[in-house]
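Read through the structure below, which is laid out as structure tokens, and then see the notes.
The values are calculated or read from the model by the stated rules, or taken from the named source; none is laboratory data. Note that the structure is a prediction, hence the values are computed from the model and not measured. Don't worry about glycine lacking a Cβ; one is built from the backbone with ideal geometry, like all the others, and counts go over all protein chains shown.
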Amino acid sequence: MQTKKESLIESLTNVTVGFLITMISLHVIFPLLGMENNTGKNALITIYLTVLSVLRNYFLRRYFNRKQS
């Protein structure tokens, strides 16, 4: 079973990788869709989704750890 700290570290690592993939992906997909490719806006969108992802991962991990014990 993971500690709360280990759950947080795993979630942050997972989301950091997702953040980088998303930033790169937005620079590829937006031009293909004819959308403005603005690094500042891309970063804001990605940060918002990253915060949601960290919270989701952490609370789901804690829920399932609690359920298993």
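Counting just the residues of the range 7-21 that are hydroxyl-bearing (Ser, Thr, Tyr) and surrounded by fewer than 17 Cβ atoms within 10 Å (Cβ to Cβ), which one comes out farthest from residue 62 (Cα to Cα)?
This residue is 16.
Let me spell it out: the conditions are (1) modelled with pLDDT of 85 or more; (2) not in a loop (DSSP other than H, G, I, E, B), and residue 7 meets all of them except one. Which number is the exception?
So residue 7 meets the others, but not (1).
For residue 50, work out the one condition from (1) modelled with pLDDT under 85; (2) outside any helix (DSSP H, G or I) it doesn't fulfil.
Among (1) modelled with pLDDT under 85; (2) outside any helix (DSSP H, G or I), the lone unmet condition for residue 50 is (2).
Would you please list the contacts, defined by Cβ atoms under 9 Å and residues six or more apart or on different chains, that run from a residue in the range 10-28 that is touching a residue at least 12 places away in the same chain (Cβ under 8 Å) to a residue that is among the polar types (S, T, N, Q) and not in a helix (DSSP H, G or I)?
Cβ pairs passing all conditions: 10/2; 26/37; 27/37.
Scan the range 58-67 and give yes if some residue there is surrounded by 15 or more Cβ atoms within 10 Å (Cβ to Cβ) and of a type in the set (Lys, Arg), otherwise no. Full working, then the answer.
Start the filter on the range 58-67 by keeping residues that are surrounded by 15 or more Cβ atoms within 10 Å (Cβ to Cβ), which leaves 58, 61-62, 65.
With the extra rule that they be of a type in the set (Lys, Arg), the set shrinks to 61-62.
Yes, there is a match, as at least one residue in the range 58-67 is surrounded by 15 or more Cβ atoms within 10 Å (Cβ to Cβ) and of a type in the set (Lys, Arg).
In this structure, is residue 36 surrounded by 12 or more Cβ atoms within 10 Å (Cβ to Cβ) and charged (D, E, K, R)?
The answer is no for residue 36.
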